[in-house]
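Here it is: the structure, laid out below.
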Amino acid sequence: QVQLVESGGGLVQPGGSLRLSCVASGSIFSIYNMDWYRQAPGKQRELVAAITNGGSTNYGHSVKGRFTISRDNAKNTVYLQMNSLKPDDTAVYYCRAVVGGRQDWGQGTQVTVSS
């Protein structure tokens with residue numbers, strides 16, 4: 001089992017940037033595939049970005065070209081750099097760790113994009 005703690009959310013104006021962090025503890029971070037999901041009020045949780053334990057990345061259509069996922073295995077941390085933020089990016093952002101058939105979730109961090 002891995003424990004995940006997200007941080008870096010907040011209020012930002014449209015066009016601004018934020019960087020989210022997710023720190024993992026309790027297991028060997030480097031073996032995990034890591035994802036960022038988000039959930040807006042009244043909407044289903046959706047995949048934002050994913051990075052495998054080998055460093056391959058994948059992005060949701062709505063964030064491609066604006067968001068970048070990365071990981072630092074030495075710091076047990078996965079990041080989500082979010083640029084050119086839009087009001088539609090407003091949501092709670094969750095970190096997920098996946099290995100084999102097991103997945104663990106963080107508690108989420110709120111991102112609000114508003115002027």
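The values are calculated or read from the model by the stated rules, or taken from the named source; none is laboratory data. Source: prediction; values computed, not measured. So basically every Cβ, Gly included, is an ideal-geometry build from the backbone, and we count neighbours across all protein chains shown. In case anyone asks, the SASA skips ligands and DNA or RNA and just uses the protein heavy atoms, side chains included. Shrake-Rupley method; radii C 1.70, N 1.55, O 1.52, S 1.80 Å.
Quick grid of which residues meet (1) modelled with pLDDT of 95 or more; (2) open to solvent by 30 Å² or more (accessible area, probe 1.4 Å); (3) part of a loop (DSSP other than H, G, I, E, B):
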position: VAL5; (1), (2), (3): yes, yes, no
position: PRO14; (1), (2), (3): yes, yes, yes
position: LEU20; (1), (2), (3): yes, no, no
position: SER27; (1), (2), (3): no, yes, yes
position: SER30; (1), (2), (3): no, yes, no
position: LYS43; (1), (2), (3): yes, yes, yes
position: ALA50; (1), (2), (3): yes, no, no
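Restricting attention to segment 77-101, and to residues there that are open to solvent by 50 Å² or more (accessible area, probe 1.4 Å) and without any contact (Cβ under 8 Å) to a residue 60 or more places away in the chain, which single residue is farthest from ARG45 (Cα to Cα)?
For segment 77-101, the residue satisfying everything is GLY100.
Now for a separate question. Contact list please: Cβ distance under 8 Å, first residue in segment 36-49 and under 15 Å from LEU80 (Cβ atoms) and among the hydroxyl-bearing types (Ser, Thr, Tyr), second residue open to solvent by 20 Å² or more (accessible area, probe 1.4 Å) and assigned to a loop (DSSP other than H, G, I, E, B), pairs at least six apart or on different chains.
Between residues of segment 36-49 that are under 15 Å from LEU80 (Cβ atoms) and among the hydroxyl-bearing types (Ser, Thr, Tyr) and residues that are open to solvent by 20 Å² or more (accessible area, probe 1.4 Å) and assigned to a loop (DSSP other than H, G, I, E, B), the close pairs are TYR37/ARG45.
Output yes when any residue across segment 50-59 is touching a Leu at 6+ places or on another chain (Cβ under 9 Å), more than 12 Å from THR109 (Cβ to Cβ) and not aliphatic (A, V, I, L, M), and no when none is.
yes
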